[in-house]
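I have placed the structure first, in the form of structure tokens, so that the comments after it can refer back to it.
The values are calculated or read from the model by the stated rules, or taken from the named source; none is laboratory data. All of these numbers come straight from a predicted model, not from anything done at the bench. Note that we place each Cβ from the backbone using ideal geometry, even for glycine, and neighbour counts take in every protein chain shown. With ligands, DNA and RNA removed, areas are computed over all heavy atoms of the protein, side chains included. Shrake-Rupley method; radii C 1.70, N 1.55, O 1.52, S 1.80 Å.
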Amino acid sequence: MQATITIKPDCVISPIADAIYSSFLEHMGRAVYTGIYEPTHFSSDPDGLREDVLALVRPLALEYVRYPGGNFVSGYQWRDGIGPKAKRPTRLDLAWEAIESNQFGIDEFMKWAEKAHVKPMIAVNLGTGTPKEAAELIEYLNAPEDSTTLARLRAENGHPAPYGIDLVCLGNEMDGPWQICAKTAEEYARIAHETAKMIKWIDPHIKLVACGSSNRGMATFGTWERTVLRECWDVIDYLSLHTYYADENDTASFLSRSQDMDDFIKEVKRIVDEVAREKGSDKKIGLSFDEWNVWYHFRQKGVFPKKWTCPRSIDEEDYNGTDAVLVGGMLSTLLNNADSVKIACLAQLVNVISPITTIPGGDAFVRSIYHPFHAASKAMRGNLVEFDLDGPTYWCATRPDAAYMDCTVCRNGEELGLLVTNKSPDEPIQLHLHGISGRMSAWHSGSLEEKDHEPCNLDCIVLEPYTWNVITIKLDQ
Ligand code: AHR
């Protein structure tokens, strides 16, 4: 098969926000306990943080890591996780039918974030939690040194200086019946609005993410977004989107899901623009795609570990090559919408639906989906630029004209980054690049594993079947 990409390197569409390369850590499965935190592990530092995991996280160059949930946050009392560990209560975690020991809490997460070189994106509990409790958490984290009782409590717990967090999620998936204390759109919009006001009074620098729908298939999708935006417009900065895709024995349809993700983003953007017009406002509300990934292997196996244990090892995905190709495609979709998507969190990071897996007491290793994210995070920065793709298509059950290729082009100074996939199971694609002159400086591709190619002439690029590809080109001056 043949494909041509005509690149307009001087036509910038939008800067790419660094926060598109973010991720997520929830108190779920073994993400925290025996994931990032395992005091008895041979690689752990004096705080119990696994250095072998940190060594795999850092190269991803993540901007934010969202914490502590997810569904978990809707039943979480942040005060349970601070202070002397021996005094912390053990609780039922109703979200994941597990036991929460609270041996890892917000102060431990802040230490981990610093060591991982990431910024915290903190979700507050708007399920069982109140606006007051959420505001107190923000005061605990950000109030000036020695200014209040909560600031002094933070100092007692080892951190006199404010943490200076700058991004907060107002709850999680509050439209979902599975959510602890789920809400109607009106109920959520009111509590989100009042919580937002208090948080901004405490620290006006904090940017806030309001919950959009849990996914595009929710019966209230659209109405939910409009209600929340109308009520919260003046106090929020971002609206969230979530999606996970599954291969239900139809890989061709599964691989076309990056196009569904694109439709989803454009639909939410239209709603945001519609409410902006209604309000006569030129305020920009960005999209925070704060949960996205491929998720199905664990559930398809249908073997569920014993409930009410700590940790309860759920949703450990054994990712294959086509999962990595779709993750590459989904990243391409996020980047192509860089004008509206300002934050995106690969959900999640360690052991749960994750690119990194640990063995308790043993090694840490990466899975197939780690590689496209890692390669893109290194090469696909700067500005999104215009391009035209003339490439082959195929029929599948969900689309008559699914594209064999996802494609994104970005420019960082005189370097051009190209992210392209080939979704064909058996046919290579000969790629022709028009509109630029330069030389290839790097080419990484993969499916199950990552391959480093020798740079080749720009007219000799052949994309192998079932691969993601990240190519860097040095433009001629
Ligand atoms: O990431 C796993 C779960 O998926 C999150 O807790 C929830 O927000 C979503 O449904």
Legend entry - Residue tally, condition in contact with a strand residue (DSSP E or B) (Cβ under 7 Å, 6 or more places away or on another chain), of a type outside the set (A, V, I, L, M, F, W, C) and open to solvent by 20 Å² or more (accessible area, probe 1.4 Å), over the range 52-68: 3
Inset, instruction - Filter the range 16-61 down to the residues that are among the basic types (Lys, Arg) and over 16 Å from the mean Cα position of the chain (by Cα), then identify the one that is nearest to ASP315 (Cα to Cα). - result: ARG30
Inset, instruction - Assess whether LYS207 counts as being open to solvent by 50 Å² or more (accessible area, probe 1.4 Å) and under 14 Å from SER288 (Cβ atoms). - result: yes
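Give me a count of the residues in the range 69-95 that are of a type in the set (A, V, I, L, M), out of contact with any strand residue (DSSP E or B) (no Cβ under 9 Å at 6 or more places or on another chain) and assigned to a helix (DSSP H, G or I).
So the answer is 1.
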Inset, instruction - Please name all residue pairs, on different chains or six or more residues apart, with Cβ atoms under 7 Å, provided the first residue is in the range 148-171 and is over 30 Å from ALA344 (Cβ atoms) and the second residue is open to solvent by 40 Å² or more (accessible area, probe 1.4 Å) and not in a loop (DSSP other than H, G, I, E, B). - result: THR148/GLU139; LEU150/GLU139
Inset, instruction - Could you list, in sequence order, all residues of the range 306-351 that are within 16 Å of the ligand (Cβ to nearest atom) and assigned to a loop (DSSP other than H, G, I, E, B)? - result: PRO311, ARG312, SER313, ILE314, ASP315, GLU316, GLU317, TYR319, GLN348, LEU349, ASN351
Legend entry - Failed item in (1) open to solvent by 10 Å² or more (accessible area, probe 1.4 Å); (2) under 26 Å from GLY69 (Cα atoms); (3) modelled with pLDDT of 95 or more, with ASP282 passing the rest: (2)
Inset, instruction - Answer yes or no as to whether ALA344 is aliphatic (A, V, I, L, M), at pLDDT 95 or above and more than 23 Å from the chain's Cα centre (by Cα). - result: no
Inset, instruction - Evaluate the following for THR398: is it touching a residue at least 24 places away in the same chain (Cβ under 8 Å), β-branched (Val, Ile, Thr) and buried (at least 24 other Cβ atoms within 10 Å of the Cβ)? - result: no
Legend entry - Residues of the range 135-183 that turn out to be within 16 Å of the ligand (Cβ to nearest atom) and among the charged types (D, E, K, R), as a count: 3
Inset, instruction - Any chance you could count how many residues in the range 1-30 are part of a loop (DSSP other than H, G, I, E, B), out of contact with any Gly (no Cβ under 9 Å at 6 or more places or on another chain) and under 24 Å from GLU63 (Cβ atoms)? - result: 1
Inset, instruction - Determine whether GLY127 is without any contact (Cβ under 8 Å) to a residue 40 or more places away in the chain, surrounded by 15 or more Cβ atoms within 10 Å (Cβ to Cβ), farther than 20 Å from ALA347 by Cα and among the small types (Gly, Ala, Ser). - result: no
